[in-house]
Amino acid sequence: MQWESVGQFFAMGGYGRFVWGSYAVTAAVILIEVATLVRRHRTLRRRAGRSTATDSNGSSP
Amino acid sequence: MLEITDLACRRGERLLFRGLSFSVGAGELLWIEGRNGAGKTSLLRILCGLGVADAGEIRWRGRPVRRGDETFARERLFLGHANALKDDLTVAENLHFAARIAGSDGTLDAVDRVLEACGLAAVRGSPVRHLSQGQRRRAALGRLWLAQAQPLWILDEPFSALDTDSVDRLSALLGAHLERGGAAVLTTHQEVALPAGRTRRLRLDA
Amino acid sequence: MGAAFVAVFRRDILQAWRRRADWLNTLFFFVIVVSLFPLGVGPEPEPLRTMAPGILWVAALLAAMLSLQRMFGDDFADGTLEQLILAPQPLPWLALAKIAAHWLLTGVPLTLLAPVLGLQFGLEGEPLFVLVAALLLGTPCLSLIGAVGAALTLGVRGGGVLVALLVLPLYIPILIFGAGAVAASAAGISAAPHLSLLAAGLLLALALAPWATAAALRVAAE
Amino acid sequence: MAVNWFKYASPQTFYPLAGRLVPLFWLLAIVLGAIGLYIGFFVAPTDFQQGESYRIIFIHVPAAWMSMVIYVVMAAWAGLGLVLNTRLSSMMATALAPTGALMTFLALWTGALWGKPTWGTWWAWDARMTSELILLFLYIGFMALQAAIDDPRRADKAGAILALVGVVNVPIIYFSVKWWNTLHQGASVSLTRAPSMANAMLLGMLIMALAFWAYSIGAALLRVRSVILERERHAGWVRELPPG
């Protein structure tokens, strides 16, 4: 095991800004992409479902 | 000569037509009727090879036609809504170019004969830009006079924007084309102009 | 087949001749863009001389790209493009005729103008000849690759900017070897490797671009 | 039992299948990611040259690899869609592009953050990084072209032609940039001439690459589900879908 303490782990030998800067942005980008994908699919799925209801009275969104 | 089986075409989400089958024999003219937006132009563009059908097959002289098929290209002429004329070139230059591209006789006197037939001899040297709408349409139709050797004519609204004697001239030309054993598929709003006896109708309802 | 090639080529040249203003605008654009750099960077001869190849090539790239819209745009609008697609000759061959006309109208004048502007940047002697040689090999590639971009964006909203977005990344190798050739010759080393790579690029573009352009034209006219 | 792969070529049958695959791939990505990060941070030793900053490699190299792999796979799907006229393949290409572009951005971002402590500058026009930047332009061009064309069928075909032309150019761009880089700066500066790779470092990087790969597939499959719903919204089967 490399790290004696949690503090040392985050300091990352003085390169903390760079290492955690990279990992944080990567994590953020991935989470944002996942969130938008899920939201996009859910709204489309709801609109698809709802379009059957509105279609019965002839007007689709 | 031309057989269509089960043709289908979708424009975006709208299904224009489906299961469309018909054939056009030598000496026959098929008049495609239908409301605007019924898919008449789309059908013509598919027949000539510009558009792509969602389903179905087009056979010319018994052989299925692929896109970019050069033998079919040599024997078919298409005239769309657009006049396919360059505004900055003169009428003669445009026709000369059209003939050379279609591979038909592009010599100067051939072009002159066509201009004579279209009644455009007077404006031979002026750029198309200076022509009236009717004159431009007649210049575009000049391509038909050049296309004596092409048995299949596909024409989209050929009679639009024509004055009465041009309409007569065109329908006479169409009659001669059919006499020679040619086939034609066209759309038009003027019923009177079509050569009787050889015309069949096909209704495209949306 | 040759007759149709000549017919399309001659018609495009005639068309451009009738609209000389548009054609000259591209060349004026090239001259103006090149003369902007000394105003931005400063008149000292030394930096200008080292940057000259890059500036001349980037300006040539942009000038060629700006005139791509006209290659098929007018024909698409007035319906002549449909007749070309329906012609009994192979479409890649006719597309090549239009590309050749575009090259003669933009590539060749740029190639002749560039050395004159090179003098402004303190380039003399051999580098100027290498500049002309590199442009003679590079500008046809600009027309060939540009044709694919022009055909893909026919009749599309915001086509002008879009062509740049599609085509500039593909121009980068030509820029690298084109400017590299002139820089090498200015530094006294031989520019032969650069020029041969440009020639290889030209052959590859000649082999692929007409087909890609024809496919894109068919898709656009559908 | 001959699996009729073409059965899955129709959006209607592929839609539920993709739905089942997405969580599987993302679960795989999380597991592999956890293992990779553990190796990367707790097993891999400190590098004698770069100290701890080299640990960025565990996401920089996988992102760079994925940006390249996704572009090639995208071009393959697009080419397939163009040749076989199967709409689903083109939808797959459209679905892959954004994830590929994001991977390229991540490769650039992590490369810059790794470059700063190593060379002292955020951007050093290193051959690989410059090619990565141009690859990002290719992705943007593909997405911009598809966004500008309304008719989905034409957008697919135009995008396919661009992707195929692009994939031919990717190696050319890479080697011309490499030549350009060695010409001007000499070969000394190369970011990913990875430090002598202890096997733990290599293992960590490979596992992270697999994690990124699994994640990308999951993302693309979920996005393709949305693309299918958008393109087939008038189809009957979409209407009967329970609003899940």
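Using θ = phi - 60° and the Karplus curve 6.51 cos²θ - 1.76 cosθ + 1.60, what whole-Hz ³J(HN,Hα) does each residue of the stretch D:131-142 get, with Gly and Pro shown as x?
5, 4, 4, 5, 4, 4, 4, 5, 4, 4, x, 4
Which FRET efficiency value, to the nearest 0.05, is calculated for B:R11 and C:L39 with the Förster distance at 45 angstrom and r the Cβ-Cβ distance?
Using R0 = 45 Å, I get an efficiency of 0.30.
For B:A149 and C:A192, what is the calculated FRET efficiency with R₀ set at 51 Å and r taken between the beta-carbons, to the nearest 0.05? Can you show the working numbers first?
On the way: r = 53 Å, r/R0 = 1.04.
About 0.45, to the nearest 0.05.
With a 1.4 Å probe, what is the total accessible area buried between chains D and A, in Å² rounded to the nearest 100? List each step's numbers first, then the result.
Working: alone 13110 and 5470 Å², together 15170 Å².
Roughly 3400 Å².
If each residue of separation counts as 0.36 nm, what is the full-extension length gain between B:E191 and B:S160 once their alpha-carbon separation is subtracted? List each step's numbers first, then the result.
Working: separation 31, 0.36 × 31 = 11.16 nm, distance 1.19 nm.
In short, 10.0 nm is gained.
Any idea what angle helix C:2-18 forms with the longest principal axis of chain C, computed on alpha-carbon atoms, 0 to 90 degrees, nearest 10?
Taking the Cα atoms of chain C, the angle to C:2-18 is about 60 degrees.
How large is ³J(HN,Hα) for each residue in the stretch C:60-73, as worked out from phi by the Karplus curve 6.51 cos²θ - 1.76 cosθ + 1.60 (θ = phi - 60°), to whole Hz, x for Gly and Pro?
Values per residue, Gly and Pro as x: 5, 4, 5, 4, 4, 5, 5, 8, 5, 3, 6, 4, 10, x Hz.
Under 17 Å from a point 7 Å along the Cα-to-Cβ line of A:R17: which residues of the stretch D:113-135 have their amide N that close?
D:113-123
Please calculate how many Å² of accessible area the protein assembly as shown carries per residue, with a 1.4 Å probe and no DNA, RNA or ligand atoms counted.
Values: 30760 Å² over 733 residues.
Counting only protein heavy atoms, the per-residue value for the protein assembly as shown is 42 Å².
Once you have the Cα-Cα distance between B:S21 and B:E70, take 0.36 nm times their residue separation minus that, and quote the gain in nm to one decimal.
Stretched out fully, the B:S21 to B:E70 stretch lengthens by 15.3 nm.
For the stretch A:6-53, what is the convex hull volume of the alpha-carbon atoms per residue, in Å³? Don't skip to the answer; put the middle values down first.
Details: hull volume 2.7 nm³, N = 48.
Taking only Cα atoms, the stretch A:6-53 has a hull volume of 56 Å³ per residue.
For B:R11, list long-range residues whose amide hydrogen, built 1.01 Å from N in the peptide plane, is under 5 Å from its own amide hydrogen.
B:L16
What residues qualify as long-range amide H neighbours of D:S10, i.e. H under 5 Å apart, gap of 5 or more or another chain, H built at 1.01 Å from N?
Answer set, sorted by chain and number: none.
Carbon and sulfur: what percent of the protein assembly as shown's accessible surface (1.4 Å probe)? Write out the running numbers ahead of the final one.
Numbers: 20220 of 30760 Å².
It is 66 percent, rounded to a whole number.
Given H placed on each backbone N at 1.01 Å, which residues far from B:R61 in sequence or on other chains put an amide H within less than 5 Å of it?
Here the answer is B:L2, B:E3, since their amide H atoms fall under 5 Å of that of B:R61.
Based on C-alpha coordinates, I'd like the Rg and Dmax of the protein assembly as shown, in Å.
Every Cα atom of the protein assembly as shown included, Rg and Dmax give 30.3, 100 Å.
Rounding to the nearest 20 debye, state how big the charge dipole of the stretch A:6-53 is about its Cα centre with +1 on each Lys and Arg Cβ and -1 on each Asp and Glu Cβ. List each step's numbers first, then the result.
Working: 8 positive and 1 negative charges, 115 e Å.
Rounded to the nearest 20 debye, it is 560 debye.
Compute, for the stretch D:45-188, the length of the dipole vector about the Cα centre, with Cβ point charges of +1 (Lys, Arg) and -1 (Asp, Glu) only. Units Debye, rounded to 20. Please list the in-between numbers first.
Values: 8 positive and 7 negative charges, 42 e Å.
Computed about the Cα centre, the dipole is about 200 debye.
Over the Cα atoms of chain C, what radius of gyration and what Dmax do you get, in Å?
Computed over the Cα atoms of chain C, radius of gyration and Dmax are 17.7, 58 Å.
What list of ³J(HN,Hα) values in whole Hz, one per residue of the stretch B:147-158 in order, does the Karplus curve 6.51 cos²θ - 1.76 cosθ + 1.60 (θ = phi - 60°) give from phi, with Gly and Pro shown as x?
Taking θ as phi minus 60°, the curve returns 9, 4, 7, 9, x, 10, 10, 10, 10, 9, 6, x Hz for the stretch B:147-158.
At B:S126 and D:I35, where each label point lies 7 Å from the Cα along Cα→Cβ, what is the point-to-point distance in nanometres?
That separation, rounded to one decimal, is 8.2 nm.
The values are calculated or read from the model by the stated rules, or taken from the named source; none is laboratory data. Bear in mind that the values here come from a model prediction, so they are computed numbers and not experimental data. Ideal geometry is used to build each Cβ from the backbone, glycine not excepted, and the neighbour counts take in all protein chains shown. Accessible surface areas use protein heavy atoms only, side chains included; no ligands, DNA or RNA. Shrake-Rupley method; radii C 1.70, N 1.55, O 1.52, S 1.80 Å.
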